[in-house]
Amino acid sequence: MKVFAVRGKFENKFGESIMSDKPEYFIDENGLRLDGRRTDEIRPMTMEMGVLSRADGSCYLEWGNNKVIAAVYGPRELHPRRLQRPSEVLVRYRYNMAAFSVEDRIRPGPSRRSTEISKVSGEAFEPVVMTQYYPGAVIDVFAEVLQADAGTRTAAINAATLALADAGIPMKGLVAACAVGKVDGQLVLDLNKPEDNYGDADLPVAMTQDGEITLLQMDGNLTHEEFIKAMEMVKKGCDQIFELQRKTLISRFGSEDDVEALEGSIETEPEEEEAEELSEEEVPSEKEDVSDTGDNAEDVDDSGEKFKEDVADFDEQRESGSDEEDKTSDEDVKDEEDEASDEDVKGEEDEQ
Amino acid sequence: MDHNIVIPGQMLSEDVKSAGHGTYVKNDKVYSLYYGVANLKDRTYVVPFSGKYIPSRKDYLIGVVIQLTSSNWIFDIRSPYDGLLHVSEYPKRVESSGMKRIMDIGDCAILRIKDVSKSMRTDVSMRERGLRPLKDGRLIEILPTKVPRVIGHNGSMVSMLKKESNCDMFVGQNGRIWIQGKDHEMDRLTEAIDMIEREAHTSGLTEKVQQFMNNDPVVEDDIVSGSDESVDQGSDASSEDNDDTIPEETCRKIDALLDDAEDA
């Protein structure tokens, strides 16, 4: 059999790996990574909105080799009633990987990993969604990973943001997510699979347009200086993603020029008995809304502050070297394998 | 440019006093809450592209009965919250046993919202002229956010549509539209409403729709809608049948199923 060495990776003529996947090096002498990116570059991203006709909002996103579809339903009635929150809407986020999304089949259904990601990703939207608009209702966000290639939780958050916007959910801004990590002792933006699997650190971050951090996890080790530099890099990455999201949203309805606001929603006088009254009477309620939103702006600001504090706490924790407990393992594949094997073992035990 | 497509979190204006619906104020600046179209003329407000209907007081809407209790009809109003119609809000005195005869599960009615509580309990009323159960005609559903466009300035679009199509028409704020007329006229009107929904974000829509209603009928009736019409008539006829004959039996079955589900 003829053996090729491609960037330190041994493959047979079918491109299948016949030795360990671990590359000899991640960054070559030109400062380029395995997939030819520079260290501060994100993978190419494409997004399409409104791909599911039955969902209230949806988005399909490709980011490198990641393929994610997000669907939003609601606000809708929440059952069982005991989950209802009397003064705000509940945002339920479900992250799931398709069984075929990685080479080894993932056991379908919720796992430890997907439950955790669902929780933290849902919380990433808390500061932006105007929850007080729909008391007692629920907004369901489903993020399905169809193909995984490291960084699926960040890809899912990026898709979910657009799906929420598509569903007409009131939000104070968009959320973008991007990971940063360390390979060969260097910080790199938006890890790909080998970097994620064999790198020294992985730090997925989600943030609002104001730079408020809404999700922060870490796997591996970074020094304090590296962490600060990493946060700067990830901010730049997220800014690029915001720009892509903005372009996707704006270009969906053609150019900005042939747009006109919906007529008649305001300033109508009764002339026809039924219809006009309706629109006229919208006006007072809108005034109420104004004052509402003003107050709310402050409320959410506070929560933003809280997140900043959280980050600060996290920072301190890192410095004192107690970061081991924070090893929320982020390596998509490693984890699934672990998970799958764990469950397999359990299953066998049960049978016995 | 007074009208722009905006995204959530986009800065719209620095004039805090102008902030209207679909915006929020932060650090003395006005930002958009929605993905939609912003009006930046004297008042700043954003009309979202999509979204669910949220009940607000005095709105007119079309509801579908989903449940009967001893003293309430419960309506689906295409919103996260149900509409409750107490028997006392029906114009005539109704005994508990007679509620089913007036409106049964699946029946539609034009309603007006009497009150919306803080927890979004929505009470509706029929004690007003023009509010009635709907027995025939067709029901069209559009996005609630496009309703102002179907109504138009001072109802210009609605009155034009009524005139051009010879159909009777009622537009509920919750995005349900009831139309009644001859079958081919209703087909035509349905197409026009589809067109409005599709092109709601463009300008000069009333003229476009008027042109559509005026020009095409002769051509399209002959060539295109020949087959369409027969299909539509079929479905329409069957839906009308549903209203008259099937309900009682079906509803009893559904009731039984619901009871079972509740017991389980």
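The values are calculated or read from the model by the stated rules, or taken from the named source; none is laboratory data. This structure is a prediction, so every number in the text was calculated from the model and none was measured. Using ideal geometry, Cβ is built from the backbone for each residue, glycine included, and neighbour counts are taken over all protein chains shown.
Would region A:195-218 turn up any residue that is part of a helix (DSSP H, G or I) and either touching a His at 6+ places or on another chain (Cβ under 6 Å) or crowded, with 21+ Cβ neighbours inside 10 Å (or both)? So far as region A:195-218 goes, yes, one or more of its residues are part of a helix (DSSP H, G or I) and either touching a His at 6+ places or on another chain (Cβ under 6 Å) or crowded, with 21+ Cβ neighbours inside 10 Å (or both). Scanning region A:56-83 for residues that are under 20 Å from B:Gly51 (Cβ atoms) and surrounded by fewer than 21 Cβ atoms within 10 Å (Cβ to Cβ) turns up A:Tyr73, A:Arg76, A:Glu77. Take the residues in region A:105-145 that are closer than 14 Å to A:Tyr93 by Cβ, out of contact with any Gly (no Cβ under 6 Å at 6 or more places or on another chain) and assigned to a strand (DSSP E or B); name whichever of them is nearest to the other protein chains (Cβ to nearest Cβ). Selected residue: A:Val129. Among the residues of region B:100-143, those that are small (Gly, Ala, Ser) and at negative phi comprise B:Ala109, B:Ser117, B:Ser119, B:Ser125. Among the residues of region B:19-33, at least one is at positive phi, free of Cβ contacts under 8 Å to residues at least 40 places away in the same chain and polar (S, T, N, Q).
The number of residues in region A:132-146 that are closer than 27 Å to B:Thr122 by Cβ, touching a helix residue (DSSP H, G or I) at 6+ places or on another chain (Cβ under 9 Å) and not aromatic (Phe, Trp, Tyr) comes to 5.
Among residues belonging to region A:54-96 that are within 12 Å of chain B (Cβ to nearest Cβ) and small (Gly, Ala, Ser), point out the one that is nearest to the chain's Cα centre (by Cα). Ranking the qualifying residues of region A:54-96, first place goes to A:Ser58. Among the candidates B:Val30, B:Val65, B:Val6, B:Val116, the residue that is away from every other protein chain (no Cβ under 13 Å) and buried (at least 19 other Cβ atoms within 10 Å of the Cβ) is uniquely B:Val65.
Residue count for region B:145-177 under the criterion of being facing chain A (nearest Cβ under 10 Å) and either over 18 Å from B:Asp76 (Cβ atoms) or surrounded by fewer than 23 Cβ atoms within 10 Å (Cβ to Cβ) (or both): the result is 17. A single entry from B:Arg43, B:Arg57 fulfils the requirement of being of a type in the set (Lys, Arg) and either within 30 Å of B:Cys108 (Cα to Cα) or assigned by TED's automatic domain parsing to the domain that holds B:Ser203 (or both): B:Arg57.
Residues of region B:168-188 include at least one that is assigned to a loop (DSSP other than H, G, I, E, B) and over 15 Å from the mean Cα position of the chain (by Cα). Among the residues making up region B:39-50, a single one is at the interface with chain A (Cβ under 7 Å from one of its Cβ atoms) and of a type in the set (A, V, I, L, M): B:Val47.
Each residue in region A:159-182 was checked for being in a helix (DSSP H, G or I) and within 14 Å of another protein chain (Cβ to nearest Cβ), and 7 pass.
Do we have B:Lys100 as in a helix (DSSP H, G or I), at pLDDT 90 or above, farther than 30 Å from A:Ile169 by Cα and at the interface with chain A (Cβ under 10 Å from one of its Cβ atoms) here? It is false that B:Lys100 is in a helix (DSSP H, G or I), at pLDDT 90 or above, farther than 30 Å from A:Ile169 by Cα and at the interface with chain A (Cβ under 10 Å from one of its Cβ atoms).
If the condition is being within 11 Å of chain A (Cβ to nearest Cβ) and more than 18 Å from B:Thr145 (Cβ to Cβ), then region B:187-205 contributes only B:Gly204. Scanning region B:35-56 for residues that are among the polar types (S, T, N, Q) and out of contact with any His (no Cβ under 8 Å at 6 or more places or on another chain), we see that the one that is surrounded by the most Cβ atoms within 10 Å (Cβ to Cβ) is B:Thr44. Just for region B:120-146: of the residues that are part of a loop (DSSP other than H, G, I, E, B) and in contact with a Ser or Thr (Cβ under 8 Å, 6 or more places away or on another chain), which one is farthest from B:Glu191 (Cα to Cα)? Among those residues, the one meeting the criterion is B:Leu131. Being within 14 Å of chain B (Cβ to nearest Cβ), assigned to a helix (DSSP H, G or I) and polar (S, T, N, Q) is the requirement here; does A:Gln245 meet it? The answer is yes for A:Gln245. Considering only region A:1-36, state which residues are modelled with pLDDT of 90 or more, touching an Asp or Glu at 6+ places or on another chain (Cβ under 8 Å) and not in a strand (DSSP E or B). Correct list: A:Phe26, A:Leu34.
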